[in-house]
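No value in this document is a laboratory result; all are computed from the given coordinates. This structure is a prediction, so every number in the text was calculated from the model and none was measured. For neighbour counting, all protein chains shown are included, and Cβ atoms are generated from backbone atoms with ideal geometry for every residue, glycine included.
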């Protein structure tokens, strides 16, 4: 009897001390797209993309991307072919499932900077907004000894300011006539890198229908303002982190339809789709589904789903030239003056359906309070003059700036936006006023003393 009790106790201890084996959890994170520059290696830690219990994954070969996975460190080193661009998928297997990592590859344009010093130099570097103004990490070289120092760097499309650092002295580019003042009383050289593909390529969700067998989502492609798809386009559709089979995607003209079987849509699912072709890729459209129903069909508005169009009223559209009033000042540049945009222009575009065509659901308006009619000089050099076209110098807390319209017109803009399914954000200046505001003039004790460097 004692022996039985002894063995029973050991057995219970063994059961209690044995490791508990839980079933492996699937990857629940939605894997975000990775961005690669063609021809440049990059390394990512898988934990930054998704959580898995052990990261025992197996990647498939890819025709345009070489990869090297380090299972001990859970790191993935990637390099895309130097002539490949667009959206692609890198498949991998985890716990018997085939999943994918979306990867967007871009080809960056190479820009060559040149500088010919008038005398021998010891140290010559390039610095600018493209390298956080680091004066050390972009040295120029003269390997052929012709006296011209050069460096080539890949740059994204955009506008960049830069200078040369020549033996401790900052020098603008003598071969570049484009320059702008900087806050230190000097100038910076400026270059603009144009987009590699200037055409705008978009994908819009236009319809969602649900029945007992499937959910159908219809999208419209738009290229350079036209309803079109580029030649040799590829449609990439994902349900959570798995690629949707081509059999569930159909194309007619610029319309793309996804037919998602009801049996795969229980609970919360995330559908993503994009079109890529000729080096261009649309932004990825995302539709959250609950039991096959798009979230916006069954849920109230969520600010997490807000697609915001922000506009500065004065620079948007002049709908009523009669209220246009510019500031007269001999040192005020035209770029810093009022341009005539007003609430009539915003209303006109609302009524035309312009914002509907963009797929936005929130309109963010710049401040509408009355602002001064004068130009004011900035404090730091070069002491330029500016008007209040931006709306951030309120001189009254209740009046709408008469250059923009009236309070009744503002109400009409808001009501019309609501009729088009748009919410409205109004930028309201609450932490400061202009010196001509009644609050400042009548209650100087409410305000502190400015301390400017």
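Here are some notes:
- Sequence of 222, 156, 445, 408 once ranked by neighbouring C-beta atoms within 10 Å, starting from the fewest: 445, 408, 156, 222
- The antiparallel fraction among DSSP beta bridges confined to the chain stands at about 90%.
- Take 189-195, 327-333, 122-128 and order them by the average number of nearby Cβ atoms within 10 Å per residue, most first; the result is 122-128, 189-195, 327-333.
- For the chain, the relative contact order works out to 9 percent when only alpha carbon pairs closer than 8 Å and six or more residues apart are counted.
- Residue-averaged [θ]222 nm for the chain, counting only DSSP H segments that reach four residues, each worth -39500 (n - 2.57): -3500 deg cm²/dmol
- Of all DSSP-defined beta bridges confined to the stretch 308-446, some 25% are antiparallel rather than parallel.
- Length gained on full extension, residue 53 to residue 312, computed as 0.36 nm times the residue gap minus the Cα-Cα distance: 88.4 nm.
- Helix axis angle, 407-419 relative to the chain longest principal axis, alpha carbon, degrees: 20
- Which labelled figure in (1) 1.07; (2) 0.93; (3) 1.15 is Rg/Rh (Cα atoms, Kirkwood Rh), once derived from the coordinates: (1)
- Rounded to the nearest 10 degrees, the angle from helix 2-17 to the longest Cα principal axis of the chain is 30 degrees.
- For the stretch 130-215, the relative contact order works out to 22 percent when only alpha carbon pairs closer than 8 Å and six or more residues apart are counted.
- With eigenvalues of the C-alpha gyration tensor scaled by 5 and rooted, the stretch 109-193, Å: 19, 16, 12
- Ranking of 368, 100 by neighbouring Cβ atoms within 10 Å, starting from the fewest: 100, 368.
- Helix 343-352 vs. the chain, principal-axis angle (Cα, 0 to 90°, nearest 10): 40
- Fewest-first sequence of 81, 402 by Cβ atoms within 10 Å of each Cβ: 402, 81
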